Every structure is written in C-alpha cells, then in structure tokens.
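K.L.:
Input: one structure, supplied below.
Nothing in this text is a laboratory measurement; each read-out follows from the coordinates by a stated rule. These numbers come from a predicted model, not from an experiment. Reconstructed Cβ throughout: ideal geometry from the backbone, glycine too, with neighbour counts over all protein chains shown.
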Amino acid sequence: MAKVANQPLFPLPFLVFFVLSIIFGFGITLSKAVSQTRYYKFEVDYMFWSPDCVENIVLGINGTFPGPPIRANVNDTVVVEVINNLSTEGVVIHWHGILQRGTPWADGTASISQCPINPGENFTYEFKVDKPGTYFYHGHFGMQRAAGLYGSLIVDLEEGKKEPFQYDEEINLLLSDWWHTSIQEQEVGLKSNPMRWIGEPQTILINGTGQFNCTSLDKYNTSSEHCEWKDQCAPFVLKVEPNKTYRIRIASTTSLSALNFGIANHTMLVVEADGNYVDPFETSDIDIYSGESYSVLVTTNQATTQNYWASIGVRGRKPKTSPALLLFNYLPNSVAKLPISPPPETPKWDDYDRSKSFTNRVLASAMNTTKPPPIFTRRISLLNTQNRINGKFTKWAINNISLTLPSTPYLGAIKFGLNSTFNQTPPPETFPKNYNIKIPPPNPNTNTGNGVYRFRSGEIVDVILQNANALTNNTSEIHPWHLHGHDFWVLGFGEGKFSTADETKLNLQNPPLKNTVVIFPFGWTAIRFVADNPGVWIFHCHIEPHLDMGMGVIFAEAVERVREIPPYALACGRTATHNVVPIIPQPKPPRGPGPVIPYFMLWVIGLVIIVCGIGLFGVCLYRIGLRRGYTFNNLSWRPYLGLSDSQSNQIEFSDLSRSNLTQEESNPTQEESNPILEEP
Ligand SMILES: O=C1O[C@H]([C@@H](O)CO)C(O)=C1O
C-alpha cells in the first residue's frame, strides 16, 4: 500500500507544466503589458508664424511649429490620425527611419505608398516602432517638408532596458533650413524655363526657431536694434548643469543644407547614427546631411563659471546663410553672461577631405551583430546627372531617367496588377561604361519616366551611387540619399568612377547601418541591403528640390507578399475604381494611451483559463481511465478530486496496465469497491 503522506502534493509532470505555463504566460503578459499604443491626432494647416522673426506662413500641426514630438518605446504601436485642414493641397506624412515592416502602406509617401489625403479628409497611420533611435517625421508630397511640415520622433528602448552608454540627461535638436519664399513660389521656379533655383536658405532653424539677419552676439542681446525677437523665434538656449553627461540627439530635416554642429571647448562622443549604434568616436564637431540623425554624448566638464557657444553652419555649398548660434548655458549662470570664448567656426564649406574623414569614422558598433551578407546577388549602378528636358527645363536624372511620380500609387497598382498606371519597362540597371563623370553631360537632354526596379524577396542588393559633373563645368554637388523601408550597410566611398579595383576596398567587416548616406562630389558610394521588406520604397536624394526635379528611383519589393492595404490609401487614380470596398473615410476611434492594465488582466485571465482547461482535461482523462478499469499510481492529489483517503489507498498499483492487475484487484468486492468505479 502506498503511503499517501509520502506522495508529492502534485505529480511531477503536472508541476513542471504548471510552472512552465506560469513563466511563459507571464512573460508574454509582461511583454504585451509594457508595449503600448501611442495615439496622436495631427491636424495639418498653414498658419502665420515667425520662425526666424520674419512673419511667414508655415505648415503647422495642431497649431504648432514644428509638429508635436512623438515618443514611444520599442515594440509600441504608433497611431497617428492625420486630418488635412489645408484648403487646396493634399498631404501625407512620412516616418523617416521607421522600417514599416508589414505596414508598407503607412510609409506616408504620396503616389508610392498611398494617395495624398484630400483637403478636409483624414487618414490613420498605424505602425510598429521596432528599433530604438533618433528619428523624425515630415511631409512627403511636393515640397511640404520645406514649408515646415516636420517634427521629431524618438524611440526609446523597452522599459527597463539600458543603452550601451551612460548619460544623465537628454537634449533633442531638430535642425532645418528656412526660406522666405513660399514653397509654391519655389516649385514654380523649379519648373520654369529657365529654372529659377531656390538659392540658399535665409535662416538655419533649431527646433523651429532662428533669427534672420541677426548675427552672433547680437541675438542674445535683447536691447539690440536689429535683433528684436519674439516668442516664436526666441534664441535657443541649451541649459546644462556642470559635470553631467548629456545625450544630444540631432536630426536634420533640412530642405537643402548640409550642416556642421560644434560646441566651443567641448568634445563630443558619437554613439548613434540613423537609429543604429556606432563604434563610439570623439570629435570636435559633426557634419550632418539632410535625412541623417546622430546622438552625441557631451560632458559639461569646462569652467563652470562660463557659458559657451554652440554653432550650426552650412557646409557643402557656398554658404550665404549665417550660422545659427545657440548658448550652451552652464546653470546657474545667467543667459545674459555671454561666453568669453568665441563660437566654434564652421569648417570651410568645400573642405571635402575633412567631410570625408568624418564620414569614414562612422562605423558599426562592435555590439552590432547584423553583418552584411558577404556577396550580393544583384548590383545596380545609379549615375546621377543634371539634365534638361526638351533643351529647356532643368532636371536631375538617374541613369538618364528623371523620376515623375504617377497618379496611381505604386503599392496598390503593383498589388492589383494595374499595369497601365506606370511604365512597365524597368529603368536601366547601369550606365554606359565610357560615361565621363568629369564633364557636363555631352547630351544634356533626358527623359522623364516612372518605371520601377523589382526585387524578389531575399535578393541581396548592392547599389553603387555614382556622382558626376552637373550642367556647369567643374561642378558636382553633395547628395544625401535616403532609402525607405530599410537600413542599409554603407560599404564605402570613393573618388571618381567606381571600378572593379574598388571592390576590394569595400568594408564588409564593420560597415555602419544607415538609412541616409551622402555621395561626395565626383565620387561614388556603395551600399548593400537585403530585399526582405515587402512593399514599394522610394530611394532618393533627400534635398527637397532635387527630388522635385526627379532625383529618385522606385524599388518594388516582393509586393505579392503585401497583405491588406487600407482602402483609403487607394482612394485615387486607378486603384480607386479597381477597389471594390466603398471608400468612405472612416477615422478609427481614438484609442487613447496603451491599455496596460486591461492587457495584463486579459493575459492573466487567459492563463487561468488555459491552466484550468488543461486541469479539467486531465481530470476527465483520469475518470475515463478509471471507468475503463485503468489504475494510476502515486495519486496523492486524489483527495482534491473528491476521493476519500480510503478510496485513495485502495488505488495503489505499481503499473498502469490493466493486464497486470491480480484477479482480486480487478474484481473488487462490493464493500471495497470504489463508488466512482461503479457503472451507473
Ligand atoms: O539643382 C540645382 O540647381 C542649381 C544649379 O545647379 C543651377 O542653378 C543648384 O545649385 C542645384 O543644386
């Protein structure tokens, strides 16, 4: 006879299962509980504003400029309902640097991922943020970014996780450039014959504020005659405490300018670029091109009785814009205490060797385990040239095609096979081997087009971006190229035309992952990415007027794998008539911040149900077994099932098999019989 008292309270398999399900269930519960849905409502409209103390109209969101910052944690879902309050323009918003895995329709690119949102209508973007980093959002229709449609987007690590570097506080700088001419006027100029170039910006803005025509020290002097500033253009002050380390996040949404940022007397440690950790390196200043972002760590270890200047100046184009100055204000010093050391000087605009040496120092962090695949399966060489159409209009072309976007967005068009909506002939994969990049295009005439490069899922794509001479002799410009839907490895930069000899110089060991990369004048840049994100993605020069003039290409990637596209993203062009779902803009009801408690409760309830279900199933099996005459050993939990101790003691066998029972055991007497064994 087995001694019930000696038996474990729960049989081992049950115990193991129970513990595992608790751990598993709570793991899932907690991960769900901490990831939230961040809900935003953006009402977009033009408004009067004085970003640089000169009143103008800007594209604002919810009555502010720049738009409200978005902040979320890794794995959160961001939901932004965009309401277009403009009277005469459509609008879209692109989430720069967010990969949009599984939501290519939410990339916010007019004519590519969706139809522009009509005046008076709305569209809800919903996407997951799966990578920590410094990002921003901006308009991606016409030149609306240059009109001020942008804001910052920061993704923090999951709660409780720590960055691989330490800092005490954080400062967030969103840099942009500002013109006094409207984007409508700029665009008409670009389309005119002869073209009227937009020229250099009037002012550099820091978080949407700047001071036009107000140089250096004057701007902090409130009594100065030429620098009368109001709230909207108050000089930017970085308030810091001595002996602390600050993470300064810097993102550039400039329309044109390449910028340089430095703080007098302080060095910076670069730790992040475009949402990826880099091998930390020290520098006195950073170059930042449109579309890029960096995080630098700065320690306030200088004389505490002083304030210091920080400055942001233009590089890469002959500057006509004064550098933006900001005060690095060591608390508790007054802002009125002007620094004794001069502002950092922006390096010479055309000192490209210096620019290259900075860019070449940006390398992947040793922690970064995602190395590029060692070989590519497809290589595309993209030559950019400045050209004319019909001998008149100035455009930019890639492999002799200047991109003009179709009226039907590619994503829907390709998914539904609406082939008449864009050129079916793919653009050339390369350019003539004998093209001389050192002289203006011998035949400047080019064509417009809207064909796409199609990629199969999993292709390993190399792109060689090849720069060349523009229309004017001895002129080649800087172009920062931005890819949507991907980070890519920057394999290298080089001078002149890319050749097979350059292959060996490519860095496959620790290339940085970026979403934006520069091509230097008369040079090339090589990148690699894996086509593993179904969707249609634009790859383009992030200089707003250059994209407007055709400097971009379209990558269509395994579009057959794209699942649902919200009908309202398809409400224009031929997708509108193809679409069988009636298109009525239906905003999703506001969901508010993430329902942490309900999620948690849901999972707890789910877990309890599963455990009870499995327990009941076990009991059923047990009862069926007993009815069929099977017996079980070590059932110390039988009392919990309503069996008396004596009953428990009766069932005490060494084997589960009925055949092993003795005659007596298999035919118990009436008195000894277990009532629950009796057939009704
Ligand atoms: O696209 C551009 O056009 C002008 C110039 O090349 C012609 O005016 C310029 O500086 C650009 O970047």
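K.L.:
Using amide H atoms built 1.01 Å from N in the peptide plane, name the residues 5+ places from residue 255, or on other chains, whose amide H lies under 5 Å from its own.
P.N.:
When sequence neighbours closer than 5 places are left aside, the close amide H contacts are 177.
K.L.:
Short version: ³J(HN,Hα) in whole Hz for each residue of segment 343-357, in order, from phi by Karplus 6.51 cos²θ - 1.76 cosθ + 1.60 (θ = phi - 60°), x for Gly and Pro, what are they?
P.N.:
Working through the residues one at a time gives x, x, 8, 5, x, 3, 4, 10, 7, 5, 4, 5, 4, 5, 5 Hz.
K.L.:
First measure r as the distance between the Cβ atoms of residue 611 and residue 130, then evaluate 1/(1 + (r/R0)^6) with R0 = 35 Å and state the FRET efficiency to the nearest 0.05.
P.N.:
About 0.65, to the nearest 0.05.
K.L.:
Loop-only trypsin sites (Lys or Arg not before Pro) in segment 127-197, please: DSSP not H, G, I, E or B, and at most 14 other Cβ atoms within 10 Å. Mind showing how you got there, number by number?
P.N.:
Details: sites: 128, 145, 161, 162, 191, 196; in loops: 145, 161, 162, 196.
Taking segment 127-197 and a limit of 14 other Cβ atoms within 10 Å, the loop trypsin sites (Lys or Arg not before Pro) found are 161, 162.
K.L.:
Another question about this same structure. Is segment 378-561 best put as rounded, prolate or oblate by its Cα gyration tensor, with a ≥ b ≥ c the root eigenvalues, rounded for a/c under 1.5, and otherwise prolate when a/b is larger than b/c, oblate when not?
P.N.:
It is oblate, given that a/c is not under 1.5 and a/b is not larger than b/c.
K.L.:
Please turn the phi angles of segment 52-58 into ³J(HN,Hα) values with the Karplus equation 6.51 cos²θ - 1.76 cosθ + 1.60 (θ = phi - 60°), one per residue in order, whole Hz, x for glycine and proline.
P.N.:
Result, rounded to whole Hz: 10, 6, 10, 5, 8, 10, 10.
K.L.:
Tabulate in residue order the Karplus-calculated ³J(HN,Hα) for segment 476-493, using 6.51 cos²θ - 1.76 cosθ + 1.60 with θ = phi - 60°, rounded to whole Hz; enter x for Gly and Pro.
P.N.:
9, 10, 7, 9, x, 9, 10, 10, 8, x, 8, 9, 10, 8, 8, 7, x, 10
K.L.:
Hey, can you grab everything whose amide H is under 5 Å from the amide H of residue 41? Only 5+ residues off in sequence or another chain; H modelled, so Pro and N-termini drop out.
P.N.:
Residues meeting the criterion, in which the H sits 1.01 Å from N, are 81.
K.L.:
Continuing with this model, one more query. Can you tell me the FRET efficiency between residue 48 and residue 192 if r is taken as the Cβ-Cβ distance and R0 is 25 Å, rounded to the nearest 0.05?
P.N.:
For R0 = 25 Å, the calculated efficiency reads 0.35.
K.L.:
Here is a follow-up. Once you have a ≥ b ≥ c as the square roots of the Cα gyration tensor eigenvalues for segment 227-276, tell me rounded if a/c is under 1.5, and otherwise prolate or oblate according to whether a/b is larger than b/c.
P.N.:
oblate
K.L.:
While we're here: Under a point-charge model restricted to the Cβ atoms of Lys and Arg (+1) and Asp and Glu (-1), what is the dipole moment magnitude of segment 163-369 relative to its Cα centre, in debye to the nearest 20? Numbers along the way, then the final one.
P.N.:
Numbers: 17 positive and 24 negative charges, 74 e Å.
The calculated dipole for segment 163-369 is roughly 360 debye.
K.L.:
Could you tell me which of the pairs 161/348; 128/356; 356/433; 337/514 are separated by over 31 angstrom between their Cα atoms in the structure shown?
P.N.:
On the way: 161/348 41 Å; 128/356 34 Å; 356/433 26 Å; 337/514 40 Å.
With Cα atoms farther than 31 Å apart: 161/348; 128/356; 337/514.
K.L.:
Can you put 103, 425, 283 in order of Cβ neighbours within 10 angstrom, beginning with the fewest?
P.N.:
Arranged by neighbour count, lowest to highest, 103, 425, 283 become 425, 283, 103.
K.L.:
Assuming a ≥ b ≥ c are the square roots of the Cα gyration tensor eigenvalues, decide whether segment 163-369 counts as rounded (a/c under 1.5), prolate (otherwise, with a/b larger than b/c) or oblate.
P.N.:
Values: a/c = 2.00, a/b = 1.16, b/c = 1.73.
Oblate is the answer for segment 163-369, as a/c is 1.5 or above yet b/c matches or exceeds a/b.
K.L.:
Between residue 378 and residue 101, what is the label-point separation in nm under the 7 Å Cα-to-beta-carbon projection?
P.N.:
The two pseudo-label positions are separated by 2.1 nm.
K.L.:
Sort 572, 214 so that the residue with the fewest other Cβ atoms within 10 Å of its own Cβ comes first and the one with the most comes last. Intermediate results must be reported in sequence, preceding the final value.
P.N.:
On the way: 572 20, 214 23.
The most exposed by this proxy come first: 572, 214.
K.L.:
Separate question: Can you list residues whose amide H is under 5 Å from residue 519's amide H, if they're 5+ apart or on another chain and H is modeled 1.01 Å from N?
P.N.:
479, 481
K.L.:
How far is the Cα center of segment 240-286 from the Cα center of segment 288-316, in Å?
P.N.:
Segment 240-286 and segment 288-316 have Cα centres spaced 6 Å from each other.
K.L.:
Can you sort 176, 457 by how many other beta carbons sit within 10 Å, fewest first? Don't jump to the answer; show the numbers that get you there.
P.N.:
Values: 176 28, 457 14.
Listed from fewest to most nearby Cβ atoms, that is 457, 176.
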